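The values are calculated or read from the model by the stated rules, or taken from the named source; none is laboratory data. Note that the coordinates shown come from a computational prediction; the quantities given were computed from them, not determined experimentally. Cβ placement follows ideal geometry from the backbone for every residue including glycine, while neighbour counts extend to all protein chains displayed. Quick note on the areas: whole protein, heavy atoms, side chains included, nothing else; ligands and nucleic acids left out. Shrake-Rupley method; radii C 1.70, N 1.55, O 1.52, S 1.80 Å.
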Amino acid sequence: IVAAISGDPNMCDAFKQGKDIHTATAAKVYDIEESAVTKEMSYKAKSVNFGIIYGITPWGLARRLGAGTTPSRAREIIDGYRQRFSRIDAFLIQCVEEAKSQGFVTTLYGRRRAVPQVHSPNAGERSLGERMAINTVVQGTAADLIKIAMVNIHKELSSAFPNVRMLLQIHDELLFEVPAVDLSAAQPWIVKHMESAANLRVPLRVESSHGVNWFDAS
C-alpha cells in the first residue's frame, strides 16, 4: 500500500519483480546477498520497514534490532532507507501536512478520519497525531481492501462453492472452512478474488495455506 500510494520507484520495482520487501531490506541492513537472509533477519527487517514508516527513532530501531546494533548504526540504516526509498519520505510528510491543513486524512478509497491532535500545544500529543495521520492512510486503506475482497467473495461464494464458509477476518487475512473435496478448486478461486480486489501500481499478492485447523493452516 505504501508503494502504491507513494509511487516510490525502487519499492514499486521490488514488488513488480516479486521480491519479498522484508528480505530485500534485510540484505541491505546486514550487507549480505538476499539468498543469505535468514527468517530471523527478515523478521527484524520487518521492524525496519514498518518502524521507519511510522517514525521510529534510531534508539528505538537499535533496541528492536537487538545486540550489536548501536543507535548510530540504526541512524545509518534509517538514512540509507530514506535515500533508497526517497518518495516514501515525501508521502509521510504529505500525510501529516494534509492532517494539519484539512483537520483530517483520507484512505485511498475516501474514508476520512479527523486528526485534531496534530494541532495540540502538547508536543507528545502532536507527535501522536502525526503517527495517527500516517497510520490511518496506510492501515485504513488496508482495511478498505480486505472489506472489498470480502464483499466480492461473498457475492459469488454461495453459487461457486455452496459448502464453503467464510468464517473470520483477522487484519489482512481471511479464514475459510472448506470441505476437503472443494479444497483444490476453492483455494485458488479465493486467492484470485482477493488479488483482484484492487488495481494498484504494484501487484496485490495473496499467500494461502490450509490445514485441519487454524493452527496448522497458519
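Here's the yes/no breakdown for (1) more than 27 Å from N199 (Cα to Cα); (2) surrounded by 14 or more Cβ atoms within 10 Å (Cβ to Cβ):
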site: E33; (1), (2): yes, no
site: K46; (1), (2): no, yes
site: R75; (1), (2): yes, yes
site: L108; (1), (2): no, yes
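Scanning region 1-60 for residues that are farther than 23 Å from L92 by Cβ and assigned to a loop (DSSP other than H, G, I, E, B) yields Q17, G18, D31, I32, E33, V37, T38.
Can you tell me which residue is least open to solvent (accessible area, probe 1.4 Å) among those in region 188-218 that are part of a helix (DSSP H, G or I), over 28 Å from L108 (Cα atoms) and not charged (D, E, K, R)? Residue satisfying both the conditions and the ranking: A217.
Can you find, within region 77-91, the residue that is nearest to P9 (Cα to Cα) among those that are in contact (Cβ under 8 Å) with a residue 40 or more places away in the chain and among the β-branched types (V, I, T)?
Just the residues of region 77-91 that are in contact (Cβ under 8 Å) with a residue 40 or more places away in the chain, to begin with: 77, 80-81, 84-88, 90-91.
This time we only want the ones that are among the β-branched types (V, I, T), so: 77, 88.
Working: I77: 19, I88: 10 Å.
Ranking the candidates gives I88 first.
Taking first residues from region 19-34 that are more than 17 Å from F85 (Cα to Cα) and partners that are surrounded by 15 or more Cβ atoms within 10 Å (Cβ to Cβ), the Cβ contacts under 7 Å between residues at least 6 apart in sequence or on separate chains come to Y30/M41; E33/A27; E34/T23; E34/A24; E34/A27. Listed by first and then second residue, the pairs with beta-carbon distance under 9 Å, at least 6 apart or on different chains, first residue in region 163-190 and closer than 23 Å to A142 by Cα and without any contact (Cβ under 8 Å) to a residue 24 or more places away in the chain, second among the aromatic types (F, W, Y) and in a strand (DSSP E or B), are R165/F176; M166/F176; L167/F176; L168/F176; Q187/F176.
Scanning region 155-172 for residues that are surrounded by 12 or more Cβ atoms within 10 Å (Cβ to Cβ) and modelled with pLDDT under 95 yields one hit, D172.
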